[in-house]
Structure formats: C-alpha cells, structure tokens
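These notes concern the structure reproduced below.
Each value in this text was obtained by applying a stated rule to the coordinates, not by laboratory testing. These numbers come from a predicted model, not from an experiment. Note that we place each Cβ from the backbone using ideal geometry, even for glycine, and neighbour counts take in every protein chain shown.
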Amino acid sequence: PTDPIPNKEHPSDHVPITSVFRLLSKREIASYWAKEWCLEAAGLRGGSLPLDSEQLKGAFAFYDQDGNGSITVEELRNSVSILMGDQISGDGQLEAVLTKLPSDRSFGFDVFAKAYMDATDRSSMPGLD
C-alpha cells in the first residue's frame, strides 16, 4: 500500500513514524572524538562515557594534521581553535590542555592517550588500556 498506516485497509491506533538517518564521514566522527578528548583534557567534562582506544586513535588522527604519527603543539592549537571555537574560552583552558603534554616537542599516541586517561582519572575503565 502507498498510503501510510493507519488507513482504510489497515486501521490502527498507532501513529506512523518516519525517520531520517544521517551518515557521518570518518572525518566527522573523528572530529567528535577529538572534541570529547579536548573537553576532558581541559577539565570541562566529567562523568561522560570514556573514549575507548579506537576512538582515541581517531581523535589522535584528527589532531595529527600532517599524518606523520605525532602531534606538535602548533597542530594541536590550530585544530582546537577550529574544532572548539567558543567552547574553549581563551587561552586559559587551552593552556590547561597543553600543560598535560610535552611543550617543547611533538608527542605520539601514547602521550596523547595518557593525557586523556589522567584527565578522566579512569585508567582502570575497560577499553582505555
């Protein structure tokens, strides 16, 4: 039938439901994880579900703009300002994130993940190994 239910042929007391699904690109998903990482590292989140190791890898890839396997402070600053906009108010909150990371050089995934685990204080949670 082309008529939505309920109709004359199929009476019902239920309301027809329609839905629209929006598929996200890998980049959009990674940007969501990167935003969650930044909010936790800045101390602006608490009690949210922690990112698992695959999600942390996606967030890391988002910040690693040149894809060389490490993030420089400049890459992080640029990505955070684009990603977070007004949610990171001023340099104070960004500096709170940067104090958890080596400031004089680039850093790899292990340091990135450790900064997140330290910020969430949930290193014993499943998936954050």
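Straight distance only, please: which lysines reach the Cα of residue 26 with their own Cα at less than 22 Å, same-chain residues fewer than 8 apart left out?
Hits, sequence-local ones excluded: 35, 57.
Taking the Cβ of residue 108 as the center, what net charge do the other residues with Cβ under 12 Å away carry, scoring Lys and Arg +1 and Asp and Glu -1?
Charge balance in the 12 Å sphere: +1.
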